[in-house]
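The values are calculated or read from the model by the stated rules, or taken from the named source; none is laboratory data. Being a predicted model, the structure only gives us computed values, none of them experimental. FYI the Cβ positions are ideal-geometry reconstructions off the backbone, even for glycines, and counts take in every protein chain you see. The protein model used for the area step is the full one, side chains on, heavy atoms only, and it has no ligands, DNA or RNA in it. Shrake-Rupley method; radii C 1.70, N 1.55, O 1.52, S 1.80 Å.
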Amino acid sequence: MELKEVIKARTLEEVLDVLDEKGEKAKVIAGGTDLVIQLREGKVNPEVLVDISDVAELCFIKETGDFIEIGAATRFVNIKESPVIGKPFKGLQEAAGHVGSPQIRNLGTVGGNICNASPAADTVPALLALDAVAVIKSKQGTREMPLEDIYIDRGKVKLEPQEILYAVKFLKPQPGQGLGFVKLGLRKALAISTISLAVFVERGENEVIKNIRIGSGALSRFPVREREVEDFVKGKKMDNTVIEEAAEVFGQVLEKRLATRPPVEKDFKPYAIKGVFKEALNKAWQRTK
Ligand SMILES: Cc1cc2nc3c(=O)[nH]c(=O)nc-3n(C[C@H](O)[C@H](O)[C@H](O)COP(=O)(O)OP(=O)(O)OC[C@H]3O[C@@H](n4cnc5c(N)ncnc54)[C@H](O)[C@@H]3O)c2cc1C
């Protein structure tokens, strides 16, 4: 298909109308930081681009009942600076602050980060650790699914051509909860993650880790929850022995998962994850206080 039209949408209704009419011929563009490269390389060939970057209904960070909700076209810079997210979940803001460069953070959106379905998407591990829910809209209505379930494979999400990711939402922080985020890149600036990791913890009585959720980036074909490690840690008392043992478990999980990957991954990541995990867990734990 040849690109024939770029529609600068002003309202959500307009976006949904175009997607409904054009179906597979149309593609949503938000910040364009991923899509423009794919268009140039001929990896995607839409006939119509629907630009959602100025649709105010998709750019928000707000409290809705028990949830914090972030509109899909919200830029990283706005997440990084938002007073709504709150100190315990600062890990999400750190994840947004680690994306690319200031230019990329001024353009790139959380919805684009999710829907591009790159294994190395930095905000997704944090959202997975927060057990976020994807809110999806089309002319037919609204549906929700756990963010974790939106991924089919690298570069593929479970959205119909007529649908748009409208927002992501997660429960507001409660006392005793915290989120830590750590990114390992090859350079400080503009580094695509070699590992990104977010750890959510909930402190119980007597320093027990009542709940833990771990979201990882660049360790699978798309960002995932690390349930084997979660199951090992949950219910144990937080001390150095548990941290060290859990880090070993994480290393073993990755040794198996990455066994057929090139040496740079299969040798480096199972080793590197141990330090990354310990740092992210400690950050999260500090924020529970
Ligand atoms: C130099 C450079 C450095 C980068 N560094 C990082 C980094 O460190 N960490 C990182 O995570 N990423 C990085 N990226 C990737 C990119 O910036 C992010 O993935 C960004 O979040 C994409 O958002 P966008 O708004 O630009 O998406 P776009 O490029 O506009 O869209 C990406 C994809 O998502 C779809 N899409 C967008 N919004 C929606 C929606 N609401 N509903 C349905 N589909 C939608 C589009 O159709 C397209 O398929 C980098 C990119 C560049 C060019």
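Just checking, how many residues over segment 77-99 are within 15 Å of the ligand (Cβ to nearest atom) and either of a type in the set (Val, Ile, Thr) or under 22 Å from Lys283 (Cα atoms) (or both)?
Selection size over segment 77-99: 12.
Looking only at residues that are out of contact with any strand residue (DSSP E or B) (no Cβ under 6 Å at 6 or more places or on another chain), modelled with pLDDT of 95 or more and among the charged types (D, E, K, R) in segment 187-209, which one is least open to solvent (accessible area, probe 1.4 Å)?
Out of the qualifying residues, it is Arg203.
Working only within segment 60-79, note down all residues that are over 11 Å from Val168 (Cβ atoms), polar (S, T, N, Q) and either outside any strand (DSSP E or B) or touching a helix residue (DSSP H, G or I) at 6+ places or on another chain (Cβ under 7 Å) (or both). Can you show your working first?
To start, the set of residues in segment 60-79 that are over 11 Å from Val168 (Cβ atoms) comprises 60, 62-66, 73, 75-78.
Now drop any that are not polar (S, T, N, Q), which leaves 64, 78.
Residue satisfying the conditions is Asn78 alone.
Just need a number here: residues in segment 221-247 that are touching a Lys or Arg at 6+ places or on another chain (Cβ under 7 Å) and open to solvent by 30 Å² or more (accessible area, probe 1.4 Å).
Number satisfying all stated conditions: 3.
With the checklist (1) in the same structural domain as Ala117 (by TED's automatic domain parsing); (2) more than 9 Å from the ligand (Cβ to nearest atom); (3) open to solvent by 30 Å² or more (accessible area, probe 1.4 Å) in hand, flag the one item Ile68 doesn't pass.
Of the numbered conditions (1) in the same structural domain as Ala117 (by TED's automatic domain parsing); (2) more than 9 Å from the ligand (Cβ to nearest atom); (3) open to solvent by 30 Å² or more (accessible area, probe 1.4 Å), the odd one out for Ile68 is (3).
Please specify each residue of segment 80-91 satisfying the condition of being free of Cβ contacts under 8 Å to residues at least 24 places away in the same chain and assigned to a helix (DSSP H, G or I).
Of everything in segment 80-91, just one residue is free of Cβ contacts under 8 Å to residues at least 24 places away in the same chain and assigned to a helix (DSSP H, G or I), namely Glu81.
Restricted to segment 92-149, and to residues that are among the charged types (D, E, K, R) and in a loop (DSSP other than H, G, I, E, B), which residue is surrounded by the most Cβ atoms within 10 Å (Cβ to Cβ)?
It comes out as Asp122.
Please pick out the residue among Ala218, Ala284 that is buried (at least 18 other Cβ atoms within 10 Å of the Cβ) and at positive phi.
Sole residue among the options that is buried (at least 18 other Cβ atoms within 10 Å of the Cβ) and at positive phi: Ala218.
Regarding Pro146, is this residue within 12 Å of the ligand (Cβ to nearest atom) and modelled with pLDDT of 95 or more? Even if it seems obvious, please write down each step before you answer.
On the way: within 12 Å of the ligand (Cβ to nearest atom): no; modelled with pLDDT of 95 or more: yes.
Answer is no for this residue.
Can you confirm whether Val264 is assigned by TED's automatic domain parsing to the domain that holds Val224 and surrounded by fewer than 13 Cβ atoms within 10 Å (Cβ to Cβ)?
Details: assigned by TED's automatic domain parsing to the domain that holds Val224: yes; surrounded by fewer than 13 Cβ atoms within 10 Å (Cβ to Cβ): yes.
Criteria met by Val264.
Any residue in segment 101-130 that is over 25 Å from Ala284 (Cβ atoms) sitting within a Cβ distance under 7 Å of a residue that is aromatic (Phe, Trp, Tyr) and more than 10 Å from the ligand (Cβ to nearest atom)? List the pairs, counting only those 6 or more apart or interchain.
Pairs that qualify, where the first residue is over 25 Å from Ala284 (Cβ atoms) and the partner is aromatic (Phe, Trp, Tyr) and more than 10 Å from the ligand (Cβ to nearest atom), are Ala117/Tyr151; Ala117/Phe222.
For residues that are part of a loop (DSSP other than H, G, I, E, B) and either in contact with an Asp or Glu (Cβ under 6 Å, 6 or more places away or on another chain) or in contact (Cβ under 8 Å) with a residue 24 or more places away in the chain (or both), tally how many sit in segment 32-59.
10
Take Glu24 and decide whether it is closer than 30 Å to Gly91 by Cα, open to solvent by 80 Å² or more (accessible area, probe 1.4 Å) and either part of a strand (DSSP E or B) or within 13 Å of the ligand (Cβ to nearest atom) (or both). Step through it out loud before you land on a result.
Values: closer than 30 Å to Gly91 by Cα: no; open to solvent by 80 Å² or more (accessible area, probe 1.4 Å): yes; either part of a strand (DSSP E or B) or within 13 Å of the ligand (Cβ to nearest atom) (or both): yes.
In short, no.
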